[in-house]
Every structure is written in structure tokens, then in C-alpha cells.
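Below: the structure, in C-alpha cells.
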Amino acid sequence: MPLVNMKHMLKHAYENKYAIGAFDLVNLDFLTGIMSAAEKEKAPVILSLAESHFDTFDFELLMPAVVAAAKRASIPVAIHLDHGSCQESAVRSINLGCNGVMIDASEKTIEENTNITRALVEIAQGCGIPVEGEPGYVPGVEGEDAERHPGDIRYTTVDEAIRYVEKTGVDFLAVSIGTVHGRMQGKPDLNYQRLKEINEALGIPLVIHGGTGLSDDQFQQLIANGAAKINYYTALSDAAAKQIEHNSITNRYSSYTSMLKNIPVAISKEVERCIKLWGASGRSEEVLECCSPWREVEHVIIYNVKGLDKKETREMVSEGRKVLSTIPGVLEVFTGEAMKKGDEYQYTWLVRFCHPAVIDSYREHPAHVAFADNLFRPVAGNRISIDYLDWKK
Ligand code: 13P
């Protein structure tokens, strides 16, 4: 149940003037630290996976743990792709379990950015998944010194924000109003007036990137002017690194596990501080009440095959697995054969969708239509097909 629709979650934060942390995670220590702080504070939380970190961990391998942590939580959780570079990457993240995606085409021209984002919104809507987009440009790289990645801040203008949201249909808007990703020297100069005007013009949850290094007062002003999601990473990474340094000084026998001791605790402390500061503490129950639970669908087909021998049947099935598993919103494709020869239906497809919206978008997807019409239906006339909605406790 606690994996919830991020759109409902952020609507609650936006309307009640607090912000939910989207904490980037790079391994299980981060996941554990973030979740334990959110559970302790009874706060909604966003588990965020930034594409810029994908060369430091195996995204496909980490995602099952992230999904498991969200599903077993008692607090509302959403799983988000941060800074997705392209449509393929966003679809891959949806199929691995993200239920919110950001496409970051902010380095391109506003026209290109708008077109790329619009195309993703259409796909994501077919999966019931909300999208974050960013007009304007927030420089820097999360986890690194801002000076190593010089780049001019391109402030989001009000007109640009209005046109971008109208044309793309994004659910949340990341705005550039003076923050920078990563460790920054000096205090960033934030344009609250611009944020206020964008907020008044749009009335949708706004997102602040580059949370590290902002003062308590800056956070309060951002939230008062529509920021409902704050992205945060570098300070967590620094807390973890400091703990390793401490471990290396205090542990006489520097074993691997002793070097990693208390890292989740160090991360958790910083997450807890943010949750309190941004006003998300104790919001869990209210948020759960107004959020739809995230419900998956099992698309079940049982069938018999006529006109193909066993080898040809396996080839047809293997082609289907390959094609169908790449369709947006498909979490898993299971195929199998009855264990008893005498059973009425000898074969099955179990295709797990991330959301009920996928029932229609999957059926109409060209890859599905081509496979079903050319390879499957002609040989599987005798079949039953049913969609089952996940029963939430
Ligand atoms: P910081 O690393 O500056 O906290 O920024 C994180 C971020 O914006 C991720 O999208």
C-alpha cells in the first residue's frame, strides 16, 4: 500500500505548504538511511534515482530493493527517475518500477525541450505516471563541487514556464531560480519574486533542484512560494563520506565492514533534519488518506496452440517476451507451460502492468498489435484473457 501516486502526494504538500524530500540514493546504505528517517518522522518521501549516477551502480539490480523498501513501508513513498536523459531511459525506469519520471532536456533549446518532454508525457500518461520537466537550466552536478562544472544559471521565465506547461502537460515543474547542483562556495542568490510569479501563474507543485547548501530561511521562502518537492543529494553523500573518514581513524582493524559502519545512521540524521525543516514530519496519515495506492495489474492469458510444434511454440513465445517486455508500463513478462499434460489450457502469459492505464496503452501499442496479429492470435484461437487488479491490504 505505501507505494503511492506521486501526483496525489505532491498535491497534498503543495496545498498544505510544505515540501517532500526527493532524496537521491546510490546504494542500500542510502536507501536504508532515507527510509529509516522518513519512518521515524512519519513523513512522505520520494526515493529518487539520478541517471547521472548510473555509472556508479547497477540500476537494474538496485531497483528491486527500492521497490521492496517502498512496498513494505508504513509511510507513503514514491519512486522517481531524476534527470532522465531521454525517452528510452524514462521508459526503462518505468518498467523497472519508477512511478514518477523526470525528463531533463534543459540543456537544449526550449522548443526541443518542449517537444521531447511532450512526447514523454504522452507515453507516461498511458502508464498512469506523472512527469516532471524543467525549462531554464540549473547548472552543476549532484555530489560534486559546483566549480568543477561551471555553467551559467538560466533562470526560468514566467512566460516560458506557462507555455512549457501548457504544451507539454507536465505534472510538476522544476524551476531554475538561482540554485546550483552540488557543493557550492558562497550563498546562492535566489529569485523569490520569479518563483512567486511562476507559482501564481501555474498553481502546480514546483520542484527545486540543488537543495544542498541552502539555509533554513531560504528553504522556508522556497516552500512559501510553491516548492513542494526538494531534490537533495550532495549533503547526504558528504555525510556518508565523513562517516567513512571517521571510521578509518577510529577502527584499528580496517575491515571493509568496519569502514562502512554507521553510514545509514549518518545519512538518516541529515534526511531527518530536512524532513523536519521542510514541514513533512507527521504528515504520513493525511497523505495516505488522499493518495490512491499504487495498484498493479496482472494481464493473464491462458491458451492452447494449434499448428506449431513445441520448438516453434517456444520461438513464438520467446519473440513475444522480447517485444512485449519493452512496451511502456510492462514490469514483467512470465511465460510458462502447464505442469500437467491433461490440463485444459497448456500455456500462459502473465504480463504485469505498473498501472491500470497500461491495459489500454499496451493493447494499442504497435509492438503488441504486430506480435498479437501476426504471430500469436493465428495459432492461439483457444484462449482466455483476463486483467486482474492487485488487491491492496
Ligand atoms: P544537490 O546535490 O545540490 O543536493 O542537488 C540534488 C538534486 O538536485 C538532484 O536532482
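Where a number appears in this text, it was derived from the coordinates with a stated rule and is not lab data. Because the structure is predicted, anything quoted here is derived from the model rather than measured. Cβ atoms come from the backbone with ideal geometry, glycine included; neighbour counts cover every protein chain shown.
Overview of values
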{"item": "Amide H partners (placed H, <5 Å) of GLY100, local residues excluded", "result": "ILE79, LEU81"}
{"item": "Proxy reagent accessibility, fewest Cβ within 10 Å first, across THR157, THR234, THR326", "result": "THR326, THR157, THR234"}
{"item": "Calculated [θ] (222 nm, deg cm²/dmol) that DSSP helices of n ≥ 4 give over the chain, each run adding -39,500 (n - 2.57)", "result": "-13000 deg cm²/dmol"}
{"item": "Local electrostatic count at VAL369 - Lys and Arg +1, Asp and Glu -1, tallied over other residues with Cβ under 13 Å", "result": "-1"}
{"item": "Tilt relative to the chain, helix 192-202 - C-alpha long axis, 0 to 90 degrees, to 10", "result": "30 degrees"}
{"item": "Spatial separation of Cα centroids for segment 353-393 and segment 1-52, in angstrom", "result": "32 Å"}
{"item": "Amide N of segment 272-304 lying under 16 Å from the label point, which is placed 7 angstrom from the Cα of GLU15 along Cα→Cβ", "result": "283-293"}
{"item": "Stokes-Einstein D for segment 268-309, Kirkwood Rh over Cα pairs, 37 °C, 0.692 mPa s (µm²/s)", "result": "217 µm²/s"}
{"item": "Whole-angstrom gap from segment 262-298 to segment 109-176, using each part's C-alpha centre", "result": "24 Å"}
{"item": "Cα long-axis angle, helix 263-277 against the chain (0 to 90 degrees, to the nearest 10)", "result": "70 degrees"}
{"item": "Between 0 and 90°, nearest 10: helix 6-15 axis offset from the chain longest Cα axis", "result": "30 degrees"}
{"item": "Cut-off 18 Å (backbone N to label point 7 Å along Cα→Cβ of SER74), residues of segment 11-45", "result": "32-45"}
{"item": "Hits among lysines - C-alpha to C-alpha of LYS341 under 26 Å, sequence gap 8 or more where chains match", "result": "LYS306, LYS310, LYS311"}
{"item": "Fully extended contour minus Cα-Cα distance, from ASP238 to ASP217, at 0.36 nm per residue", "result": "5.4 nm"}
{"item": "FRET efficiency estimate (nearest 0.05) - Cβ-Cβ, TYR253 to TYR155, R0 35 angstrom", "result": "0.10"}
{"item": "Two-site label geometry, GLU289 and ILE386: point separation in nm, points 7 Å out along Cα→Cβ", "result": "3.6 nm"}
{"item": "Residues in segment 184-219 reached by a label modelled at GLU166 [backbone nitrogen below 19 Å; 7 Å Cα→Cβ]", "result": "197-205"}
{"item": "Surrounding net charge for GLY21, when Lys and Arg each add one and Asp and Glu each subtract one, Cβ distance under 11 Å", "result": "-1"}
{"item": "Estimated vicinal HN-Hα couplings, Hz - segment 63-79 in sequence order (Karplus 6.51, -1.76, 1.60; Gly, Pro = x)", "result": "4, x, 5, 5, 5, 4, 5, 5, 5, 8, 6, 9, 9, x, 10, 10, 10"}
